[in-house]
Amino acid sequence: MRLTNKVAIVTGAGAGIGQAAALLFARQGARVVVADWDAGAGADTVALIREAGGEATFVQADVSKAAEAEQMVKAALDAYGRLDILVNNAGVYTKGDVHTTAPGEWDRILGVNLTGVFLCLKYAVEAMKKTGGGVIVNVASEAGLVAIKNQVAYNVSKSGVIALTKSTAVDFAADHIRVNCICPGTTETPLVKAAVAREADPAKARRALEECRPLDRLGRPEEIAAGILYLATDELGYATGAVLAVDGGYTAQ
């Protein structure tokens, strides 16, 4: 039970990596605030945690909106009295280069994937400083480490998350707040499955995603969640500003 008595917020916890992280944190003893803009999906995650004997509460939040990010943190404090861990996982995806990406779509991707992380950090840091510190894990992507063709807005948003991680780690180390980042490779989440299904030949598209990495497969949400847990535990207390790639070897090539 590596997170006994810890209070954790996981954003985008209604499905995929976020749900896997929320379930794992609960199994490790954390009281989990499940945050998602999809109330039904968030409620499902809470139910799974409670069925397994864990403790969780749901907060509906669009992290790209300052008032909702602030209310999310307040809800955690109201429910459990403190905040020890924040997992910034909520994210959206689009395809397109600088010519084909509409300005509104650029704003949407950067709004959730980067501004959303900034806003959650802003209010979480304030709460953590009052109770002596905490740990934040930001979920970026292999696309933040290397450019992947035809997804410029997503690439830029995830590169920004890495820079934001390092900046925040430096700024708040003296407050005993550690900030680290995980960069998943393509993982079998609903987001990825939906993107593959939109391709002209989904089977071919999936195989291309698999064979471009040395391990020749996609990641599983539980594998990424294990990396998030690792970065969030006190065992790794000397790590801040770290960037962990869990991508099947994609960025090692």
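The values are calculated or read from the model by the stated rules, or taken from the named source; none is laboratory data. This is a predicted model, so every value here is computed, not measured. Note that each Cβ is placed from the backbone with ideal geometry, even for glycine, and that neighbours are counted across all protein chains shown.
Overview of values
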| item | result |
| --- | --- |
| Helices (runs of 4 or more DSSP H) enclosed by the range 51-158 - at least 3 residues per element that are hydrophobic (A, V, I, L, M, F, W, C) and within 26 Å of residue 234 (Cα to Cα) | 66-80, 116-130 |
| Long-range neighbours under 7 Å by Cβ, at least six apart or interchain, first residue among the charged types (D, E, K, R) within the range 230-253, second modelled with pLDDT of 95 or more | 247/142; 247/183; 247/184; 247/185; 247/213 |
| One residue from 21, 90, 69, 13 being touching a Gly at 6+ places or on another chain (Cβ under 6 Å), closer than 25 Å to residue 158 by Cα and touching a residue at least 40 places away in the same chain (Cβ under 8 Å) | 90 |
| Some residue of the range 36-45 being more than 24 Å from residue 110 (Cα to Cα), touching a Ser or Thr at 6+ places or on another chain (Cβ under 6 Å) and either touching a residue at least 24 places away in the same chain (Cβ under 8 Å) or assigned to a loop (DSSP other than H, G, I, E, B) (or both) | no |
| Qualifying positions in the range 209-229 - without any contact (Cβ under 8 Å) to a residue 40 or more places away in the chain, in a helix (DSSP H, G or I) and within 20 Å of residue 139 (Cα to Cα) | 209, 223 |
| Selected residue (only one of 248, 185 is modelled with pLDDT of 95 or more and on the phi > 0 side of the Ramachandran plot) | 248 |
| Flag for residue 236 being under 30 Å from residue 122 (Cβ atoms), modelled with pLDDT of 95 or more and surrounded by 14 or more Cβ atoms within 10 Å (Cβ to Cβ) | yes |
| Considering residues of the range 127-144 that are charged (D, E, K, R) and touching a residue at least 12 places away in the same chain (Cβ under 8 Å) only, the residue surrounded by the fewest Cβ atoms within 10 Å (Cβ to Cβ) | 129 |
| Hey, residue 206 assigned to a loop (DSSP other than H, G, I, E, B) and crowded, with 16+ Cβ neighbours inside 10 Å or not | no |
| Qualifying position, being surrounded by 13 or more Cβ atoms within 10 Å (Cβ to Cβ), basic (Lys, Arg) and over 23 Å from residue 121 (Cβ atoms), among 193, 149 | 193 |
| Scope the range 152-165; condition buried (at least 18 other Cβ atoms within 10 Å of the Cβ) and of a type outside the set (Ser, Thr, Tyr); matching residues | 152, 153, 155, 156, 158, 160, 161, 162, 164 |
| Some residue of the range 158-180 being at pLDDT below 95 and over 20 Å from residue 212 (Cβ atoms) | no |
| Any chance residue 174 is in a helix (DSSP H, G or I) and either surrounded by 13 or more Cβ atoms within 10 Å (Cβ to Cβ) or of a type in the set (Ser, Thr, Tyr) (or both) | no |
